[in-house]
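The structure appears below as structure tokens.
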Amino acid sequence: MSGEDGLSPVTVIGLGPMGRAMAASLLRAGHPVTVWNRTARRADDLVAGGATLAPTPTAAVAAGELTILSLTDYRAMYDILGPVAESPGPSGVLDGKVLVNLSSDTPDASRDAAAWAARHGATFVTGGVMVPAPAVGGPGAYVFYSGPRAVFDVHEPMLGLIGEPRYLGEDPGLAQLFYQAHLDVFLTALSSLLHATALVTAAGVPAADFLPGALNILTAIPAMIGDGWDLARRLEAGEHPGDLSTARMMGATADHIVWTSEKAGIDTRLPKAVKAQYDQAVSAGRGTENWTVLYEILKAGG
């Protein structure tokens, strides 16, 4: 079954903000889109735009070869598709289907899900969407994928409507590994931004006087530390020359942030965690090396 323009049908299960954005992008491109969600009213706008609301998950999966999942986690996938896998018939409903799971979970959860799908005759592709829902399908949107290359290649044009597909390899855990690692940077940056704002406003300074400059710090980091290729080379080579920002110097700054936070009466757990890493580097006799020596401490588990 294809649309009037010969475009392949696709099913989207899970209609939170991200799932709705994906389905809308696919609809705009002309694909026949079937949707399902526990709360059916979330599909109203999509149905008004031409989508088909399936009455059950089984009907949703049966509507085409490709099903995209946008759920809270992989447990939700099992809750929804478990009964589908056991549906009666000459062959399971999942047999021959392609499941592209764009939900968040762990790399191991992705590998387990791929094995589960294979037991039911389906092919599993893992994905991690690296933009918020409003940016889906727009400039700059990109998605990490991993899983069987041949299957990914077949569906890449359709997946490209969600964001630029960045294929990482056959291991189904790779997409979630990259997704979680990127969000590690993102979430830590967000927490530090809010902590710093609390530090300033505790002194009676309006947040508006601080945040524009603080955001400039975030965007200036690449220029300060060098491009990613050079940094990766130095980390992989174990090169941490102490000719500029040493671990001891950075640790002293981290200590000042802890002290200032305590005096301001705000939460100190984040700056104390950062200070502890520099303290470990100094205790290990590596205080005169570059701040990047923390990579060695972190790799070793602290």
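Assorted remarks:
- Residue in region 4-11 that is modelled with pLDDT of 95 or more, within 18 Å of Asn101 (Cβ to Cβ), touching a Lys or Arg at 6+ places or on another chain (Cβ under 8 Å) and surrounded by 24 or more Cβ atoms within 10 Å (Cβ to Cβ) present: no
- Taken residue by residue, region 255-263 has no member that is in a helix (DSSP H, G or I), modelled with pLDDT under 95, surrounded by 11 or more Cβ atoms within 10 Å (Cβ to Cβ) and touching a helix residue (DSSP H, G or I) at 6+ places or on another chain (Cβ under 7 Å).
- Checking Gly82, Gly169, Gly92, Gly138 one by one, the residue that is on the phi > 0 side of the Ramachandran plot and either surrounded by fewer than 18 Cβ atoms within 10 Å (Cβ to Cβ) or assigned to a loop (DSSP other than H, G, I, E, B) (or both) is Gly169 and no other.
- Flag for Leu159 being surrounded by 17 or more Cβ atoms within 10 Å (Cβ to Cβ) and in the same structural domain as Ala29 (by TED's automatic domain parsing): yes
- Residue within region 105-127 that is in a loop (DSSP other than H, G, I, E, B) and of a type in the set (S, T, N, Q) present: yes
- Any hit, region 213-223, residues being more than 25 Å from the chain's Cα centre (by Cα) and over 28 Å from Thr288 (Cβ atoms): yes
- Region 110-129, residues that are touching a residue at least 24 places away in the same chain (Cβ under 8 Å) and under 16 Å from Ile68 (Cβ atoms): Ser110, Ala113, Ala114, Ala122, Thr123, Phe124, Val125, Thr126, Gly127, Gly128, Val129
- A search for C-beta distances below 8 Å between a residue of region 219-243 that is touching a residue at least 24 places away in the same chain (Cβ under 8 Å) and any residue that is in a helix (DSSP H, G or I) and among the polar types (S, T, N, Q), counting only pairs 6+ apart in sequence or on different chains, returns Leu231/Thr292; Arg234/Thr292; Leu235/Thr292; His240/Thr292.
- Test: residue in region 269-280 that is β-branched (Val, Ile, Thr), closer than 20 Å to Thr201 by Cβ and part of a helix (DSSP H, G or I): no
The values are calculated or read from the model by the stated rules, or taken from the named source; none is laboratory data. The structure presented is a predicted model; accordingly, all values stated were derived computationally and were not measured. Here the Cβ is made from the backbone with ideal geometry for all residues, glycine too, and neighbour counts use every protein chain on show.
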